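Undergrad: One structure coming up, written as structure tokens, with questions to follow.
The values are calculated or read from the model by the stated rules, or taken from the named source; none is laboratory data. None of these values were measured; they are calculated from a predicted model. When we count neighbours, we look across all protein chains shown, and the Cβ atoms used for this are built from the backbone with ideal geometry, even at glycine.
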Amino acid sequence: MSATSNGHQTRRTFAIISHPDAGKTTLTEKLLLNSGAIHLAGQVAERGERRRTRSDWMEIEQKRGISITSSVMTFEHDGLTLNLLDTPGHADFSEDTYRTLTAVDSAIMVIDAAKGIEAQTLKLFEVCRLRDIPIITFVNKIDREARDTLEILDEIMETLALDTAPMMWPVGAGVDFSGLIDLEQGRFVNPDGTPEADAPGVTAIASRFATTQNQTIAAAMEGLELARESLPKFDLEAYREGHLTPVYFGSALKSIGVRELLEAVCRFAPSPRIQPARPEPVDPAGAKCTGFVFKVQANMDPNHRDRVAFVRLAAGTMSRGMKLKNVRSGKEIKVNNPMFFFARERELADSAVAGDVVGIPNHGTLSVGDTLTEGADITVTGIPNFAPELLRRVHLSDTSKTKQLAKALSDLAEEGVIQVFKPSIGAGYYVGAVGPLQLEVLTSRAQAEYGVPIRIEPAQYVTARWVKVGDEKAFEKFAALHRLNIAQDRYGDPVFLAPSQWEIDRCAKDFPELTFMATKDRG
Ligand code: GDP
């Protein structure tokens with residue numbers, strides 16, 4: 001692949017955010033099918049409702065010679081390279097998901113047409129809003145009974161405080177579903193998902209349903225009239241700034257409206273954006289390679305203790321064999337075996353540009369939040385650690401496994417599964433998580449991958465705060481008073497294990513020289 005400094009303009013790096021069961025997996029597969037990256041329609045039907053696992057994807061990958069992993073799927077459409085980053089699909093909000101969203105430039109929000117905005121969609125949306133990530137909405141499962149279209153649009157506007165511009169209009173839903181009107185192109189999309197060849201305009205299409213006896217369809221057409229009068233038109237700038245979402249409708253399962261959604265991503269989604277960094281933001285057009293680790297995945301192959309750092313490029317070109325500096329440690333690494341995730345002609349993928357994601361196998365030299373450069377002291381910012389909402393003690397019954405436990409906790413903390421805190425006095429560890437599932441994952445992986453049986457026990461602390469030490473003396477005084485509450489995170493930074501919010505407030509008042517931080521930006 002020829003590397004140019006403007007190659008990033010052809011990149012669209014995005015994620016799908018949704019509540020479990022809204023149809024993210026099905027839609028992902030249909031996007032790949034529609035782009036021509038895979039041709040599996042028969043096979044998919046055969047598999048029916050069965051959930052596809054990662055090994056299924058691997059199998060697909062081997063058969064088709066393309067690269068699909070659970071973390072990043074790269075495919076091409078309309079001369080563009082699309083990088084779809086996977087956000088874990090469970091109901092539990094995890095730090096991993098948040099960090100993945102720091103590596104995308106836009107998102108598709110999938111909503112179940114019968115359910116509207118659900119809890120997890122809302123949480124993920126809020127994360128996107130923090131970074132002004134533009135969002136295209138896909139209202140899925142229109143082949144089933146659905147809520148009224150205007151009501152869905154209203155809910156998006158009210159719950160998310162986001163303007164909506166419907167781009168398609170469903171003519172009925174469920175058994176009454178009679179097609180989609182493409183409001184932008186003035187074209188009709190048949191109930192089977194195929195668009196009509198000509199585009200007679202929205203009014204002409206609407207008139208076809210003027211005399212319908214079907215109540216649902218009549219209501220849909222009335223809704224359309226109201227929407228055309230009252231809702232804002234699509235505005236690219238408002239979308240890019242995160243104020244307005246274009247709304248598409250369809251069925252991922254039946255491949256209705258998916259092609260139009262894919263085209264919307266290609267036409268509207270932004271190319272790589274400027275990345276916040278110190279001492280100054282990184283421009284994607286910059287010639288020097290700059291990237292940051294947003295995810296580390298260990299033990300993808302259980303027989304082989306491997307560890308892959310997923311690096312999102314923010315500028316320049318990364319090629320095989322290149323030497324890069326890990327700004328945090330100051331150490332140089334040679335990128336010998338980068339994994340590129342291009343869907344097409346894998347052998348050409350010898351380099352990647354801004355917007356792309358590269359997997360770098362390593363043995364623990366790369367951690368989440370690290371910045372890689374061609375030597376410059378640039379640190380990408382905005383990849384935080386969160387103060388854990390759950391703080392627990394790790395109980396190890398078999399004390400002959402102390403070493404393995406240390407290794408398991410260190411590895412899994414590095415992956416972002418949990419955070420680990422080592423008290424400055426006494427043995428043992430505390431682990432922190434934002435959601436309870438993270439703790440379950442810790443317990444089962446410690447057993448399965450490291451042979452360490454652990455139990456998670458309540459702790460006498462409710463949360464943790466990173467202590468920013470402006471004044472060493474003040475910290476020493478503080479530490480002397482709170483010896484039992486002082487721990488270190490895995491970078492050796494001091495952490496205050498707090499028995500209550502009240503205690504945090506009191507310490508902050510008593511020690512104005514110290515800052516007690518709820519998030520620590522690794523940048
Ligand atoms: P995820 O949890 O968001 O990844 O959701 P899945 O893609 O696994 O879908 C959840 C369930 O909804 C599965 O049984 C799918 O077959 C089904 N599903 C997904 N999209 C549609 C759709 O457009 N129409 C209907 N009727 N079912 C769908």
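Undergrad: Might you check whether a residue that is basic (K, R) and buried (at least 17 other Cβ atoms within 10 Å of the Cβ) occurs anywhere in region 173-194? Break it down into steps so the answer makes sense when it comes.
TA: Going residue by residue through region 173-194, those that are basic (K, R) are 187.
So of that shortlist, the ones also buried (at least 17 other Cβ atoms within 10 Å of the Cβ) come out as 187.
Within region 173-194 (the criterion being basic (K, R) and buried (at least 17 other Cβ atoms within 10 Å of the Cβ)), the answer is yes, since at least one residue qualifies.
Undergrad: Sticking with this structure for a sec: Please go through region 229-258 and pick out each residue that is touching a residue at least 40 places away in the same chain (Cβ under 8 Å), outside any loop (DSSP other than H, G, I, E, B) and more than 18 Å from N140 (Cα to Cα).
TA: Initial filter on region 229-258 (touching a residue at least 40 places away in the same chain (Cβ under 8 Å)): 231-235, 238-258.
Applying the additional criterion that residues be outside any loop (DSSP other than H, G, I, E, B) yields 238-240, 244-249, 251, 256, 258.
Within region 229-258, A238, Y239, R240, L244 qualify.
Matching residues to (1) surrounded by 14 or more Cβ atoms within 10 Å (Cβ to Cβ); (2) free of Cβ contacts under 8 Å to residues at least 24 places away in the same chain:
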site: V467; (1), (2): yes, no
site: G470; (1), (2): no, no
site: E476; (1), (2): no, yes
site: C507; (1), (2): yes, no
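Undergrad: While we're here: Just checking, which of Q501, Q460 is out of contact with any strand residue (DSSP E or B) (no Cβ under 7 Å at 6 or more places or on another chain) and under 30 Å from P276 (Cβ atoms)? Steps first, please.
TA: Working: Q460 fails: under 30 Å from P276 (Cβ atoms).
Q501 is the lone residue from the list that is out of contact with any strand residue (DSSP E or B) (no Cβ under 7 Å at 6 or more places or on another chain) and under 30 Å from P276 (Cβ atoms).
Undergrad: Now a separate question. Which residues, taken from region 19-36, are acidic (D, E) and within 6 Å of the ligand (Cβ to nearest atom)? I'd like the intermediate steps shown before the answer.
TA: Taking region 19-36 and keeping what is acidic (D, E), we get 21, 29.
Hit for region 19-36 is D21, nothing else.
Undergrad: Additional query: Given the residues T203, T212, T194, T216, which is the only one that is without any contact (Cβ under 8 Å) to a residue 12 or more places away in the chain and in contact with a helix residue (DSSP H, G or I) (Cβ under 7 Å, 6 or more places away or on another chain)?
TA: Values: T203 fails: in contact with a helix residue (DSSP H, G or I) (Cβ under 7 Å, 6 or more places away or on another chain); T194 fails: in contact with a helix residue (DSSP H, G or I) (Cβ under 7 Å, 6 or more places away or on another chain); T216 fails: without any contact (Cβ under 8 Å) to a residue 12 or more places away in the chain.
Step by step, each of T203, T212, T194, T216 is checked, and only T212 is without any contact (Cβ under 8 Å) to a residue 12 or more places away in the chain and in contact with a helix residue (DSSP H, G or I) (Cβ under 7 Å, 6 or more places away or on another chain).
Undergrad: Starting from region 95-113, take each residue that is among the polar types (S, T, N, Q) and list its partners that are within 16 Å of the ligand (Cβ to nearest atom) and assigned to a helix (DSSP H, G or I), counting only C-beta distances under 9 angstrom and pairs at least six apart or across chains.
TA: Pairs that qualify, where the first residue is among the polar types (S, T, N, Q) and the partner is within 16 Å of the ligand (Cβ to nearest atom) and assigned to a helix (DSSP H, G or I), are T97/K123; T97/L124.
Undergrad: Hey, among K295, K233, which residue is more than 16 Å from the ligand (Cβ to nearest atom), surrounded by 17 or more Cβ atoms within 10 Å (Cβ to Cβ) and not small (G, A, S)? Full working, then the answer.
TA: Values: K233 fails: surrounded by 17 or more Cβ atoms within 10 Å (Cβ to Cβ).
Selected residue: K295, the only one of K295, K233 that is more than 16 Å from the ligand (Cβ to nearest atom), surrounded by 17 or more Cβ atoms within 10 Å (Cβ to Cβ) and not small (G, A, S).
Undergrad: Exactly one condition in (1) within 16 Å of the ligand (Cβ to nearest atom); (2) at positive phi is false for G321; which is it?
TA: All conditions are met except number (1).
Undergrad: If you don't mind, another one. Given the conditions (1) farther than 29 Å from L224 by Cβ; (2) surrounded by fewer than 23 Cβ atoms within 10 Å (Cβ to Cβ); (3) within 16 Å of the ligand (Cβ to nearest atom), report the number of the one that R131 does not fulfil.
TA: Unmet condition: (3).
A quick yes/no check of all residues on (1) at pLDDT below 90; (2) buried (at least 18 other Cβ atoms within 10 Å of the Cβ); (3) not in a strand (DSSP E or B); (4) not β-branched (V, I, T):
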| position | (1), (2), (3), (4) |
| --- | --- |
| G426 | yes, no, yes, yes |
| V431 | no, yes, no, no |
| L437 | yes, no, yes, yes |
| V441 | yes, yes, yes, no |
| E457 | no, no, no, yes |
| K473 | no, no, yes, yes |
| A479 | no, no, yes, yes |
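Undergrad: Just need a number here: residues in region 85-120 that are modelled with pLDDT of 90 or more and within 13 Å of the ligand (Cβ to nearest atom).
TA: Number satisfying all stated conditions: 9.
Undergrad: Moving on to the next point. Looking at region 137-179, which of its residues are more than 13 Å from the ligand (Cβ to nearest atom), assigned to a strand (DSSP E or B) and over 25 Å from the mean Cα position of the chain (by Cα)? Spell out the reasoning first.
TA: Within region 137-179, the subset more than 13 Å from the ligand (Cβ to nearest atom) is 137, 147-169, 171-172, 176, 178-179.
Of the ones still in play, those that are also assigned to a strand (DSSP E or B) are 137, 163-166, 168-169.
Of everything in region 137-179, those that are more than 13 Å from the ligand (Cβ to nearest atom), assigned to a strand (DSSP E or B) and over 25 Å from the mean Cα position of the chain (by Cα) turn out to be M168, W169.
Undergrad: If we keep just the residues of region 238-266 that are within 21 Å of R228 (Cβ to Cβ) and over 21 Å from the mean Cα position of the chain (by Cα), which is nearest to the ligand (Cβ to nearest atom)?
TA: Among residues in region 238-266 that are within 21 Å of R228 (Cβ to Cβ) and over 21 Å from the mean Cα position of the chain (by Cα), the one nearest to the ligand (Cβ to nearest atom) is G250.
Undergrad: Taking the condition more than 18 Å from I108 (Cβ to Cβ), more than 25 Å from the chain's Cα centre (by Cα) and not in a helix (DSSP H, G or I), does T216 pass? Walk me through it before giving the result.
TA: Numbers: more than 18 Å from I108 (Cβ to Cβ): yes; more than 25 Å from the chain's Cα centre (by Cα): yes; not in a helix (DSSP H, G or I): no.
Judged against the criteria, T216 is not a match.
Undergrad: Could you check, for region 259-281, whether at least one of its residues is farther than 19 Å from D370 by Cβ, aromatic (F, W, Y) and crowded, with 17+ Cβ neighbours inside 10 Å?
TA: The answer is yes, given that some residue of region 259-281 is farther than 19 Å from D370 by Cβ, aromatic (F, W, Y) and crowded, with 17+ Cβ neighbours inside 10 Å.
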